[in-house]
Amino acid sequence: MTYATHMPKRRAGVLTVGAAASDEQLVAACLEGDDRAWTELIERYAGYVFAVATRAFGLEAAAADEVFQDVCVRVYEGLPGFAGRGEFRSWLRAVVLSAAREHLRREARRPEQAQADDRGTEVAIVELEVALDVRSAVSALGEPCSGTIRLYFFGNLTQAEVASALGVPPGTVAARLSRCLKRLRDALQEPEPPEASRG
């Protein structure tokens, strides 16, 4: 990725938050001039930006890279105005959609094609955001759950291969997956709305 070459020079800093820092913590550190927090924030969402550009908008790799560079600049310049008002990912989503649509306008796509694309785009974005929610929830589980789930589901390893990679017995992996998947389901489950009071 080449986003760093397109960004203004930042004041060198030490990452003041951990790798599992929330978006809000990273944004706050970025606003303090922490360049490592900036890198962490961008790298956290780079895959999302590229996926929206390529899968939701159907852009080729070179065009997706242009959109990514544009998003980086917009985020960098817009962070002081955003300053933690609302959820960062919701704000980023709007930035990505705006950058991708502007790219399509510059490429002179036909309006009727853009309208047809919008329906498929929205579906693709929802699917990408669900996947991002799952990956974020997996990370939030912490170790050993997050590593075990990543190897088994995202890495497509067998339980025996996961056990070998982690240096634990295969039975431990099976039990851990069962326990961790229950925690993941609980984390992803939306709270039920309170029952309406009856008179």
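Remarks
- Residue match in the range 52-60 (condition: within 17 Å of the chain's Cα centre (by Cα) and more than 17 Å from Arg105 (Cβ to Cβ)): yes
- In the range 166-178, the residues that are in the same structural domain as Phe153 (by TED's automatic domain parsing) reach residues that are in a helix (DSSP H, G or I) with C-beta atoms within less than 6 angstrom, at least six apart or across chains, in these pairs: Pro170/Gln159; Pro170/Ala160; Pro170/Ala163; Val173/Gln159; Val173/Val162; Val173/Ala163; Ala174/Gln159; Arg176/Thr148.
The values are calculated or read from the model by the stated rules, or taken from the named source; none is laboratory data. It should be emphasised that the depicted structure is a prediction, and the values quoted were computed from it without experimental measurement. Glycine gets a Cβ as well: all are built from the backbone with ideal geometry, and neighbour counts include every protein chain shown.
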